[in-house]
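Report on one structure; see the data block that follows.
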Amino acid sequence: MKKPKFAHKSDRTAADAAEPFDTAEEAWFWAMSCLVAREDGARFVAGLGLQERPCSPDDLIVSAERMGASGRLKPPHLRVLAGYGRRLLAPDRRARGERKAARLWDEALDLLTTVWRRKGIVA
């Protein structure tokens with residue numbers, strides 16, 4: 001029988017301390033801003049941020065990619081999420097050239113909200 005590894009026990013678990021996002025849009029913009037910062041050379045260490053989150057940025061991106069692979073999100077949804085996510089700006093429904101993107105954005109975030117709410121990522 002293997003000897004169990006020693007680990008310090010904390011008073012609060014990570015799930016208790018983690019603050020879920022208010023919306024899927026907020027979660028997506030957070031993940032994309034972390035991705036851009038990482039590409040610019042930033043390094044992240046869990047637990048050192050101002051606010052502890054219930055997931056990593058990669059969890060959100062992989063979740064969207066898996067939904068794309070399963071067909072729940074279509075390639076146009078993923079393109080809109082990536083493009084507008086990198087700009088940290090949602091498509092403007094009032095702008096004639098962004099209406100289709102806004103519809104795709106809303107559809108994608110609606111699907112992601114359902115999944116992320118079940119996982120405790122979105123409140």
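The values are calculated or read from the model by the stated rules, or taken from the named source; none is laboratory data. None of the values given here were measured: they were computed from a predicted structure. Heads up, the Cβs are rebuilt from the backbone with ideal geometry, glycines too, and the neighbour counts pull from every protein chain shown. With ligands, DNA and RNA removed, areas are computed over all heavy atoms of the protein, side chains included. Shrake-Rupley method; radii C 1.70, N 1.55, O 1.52, S 1.80 Å.
Brief remarks on what is shown
- Any hit, region 37-56, residues being open to solvent by less than 80 Å² (accessible area, probe 1.4 Å), touching a helix residue (DSSP H, G or I) at 6+ places or on another chain (Cβ under 7 Å) and in a helix (DSSP H, G or I): no
- In region 85-111, the residues that are touching an Asp or Glu at 6+ places or on another chain (Cβ under 9 Å) and either open to solvent by 20 Å² or more (accessible area, probe 1.4 Å) or closer than 16 Å to Ile61 by Cα (or both): Ala90, Asp92, Arg93, Glu98, Arg99, Trp105, Leu109
- Tabulated pairs, region 78-103, first without any contact (Cβ under 8 Å) to a residue 24 or more places away in the chain, second of a type outside the set (Ser, Thr, Tyr) and open to solvent by 90 Å² or more (accessible area, probe 1.4 Å), C-beta under 6 angstrom, 6+ apart or interchain: Ala102/Arg93
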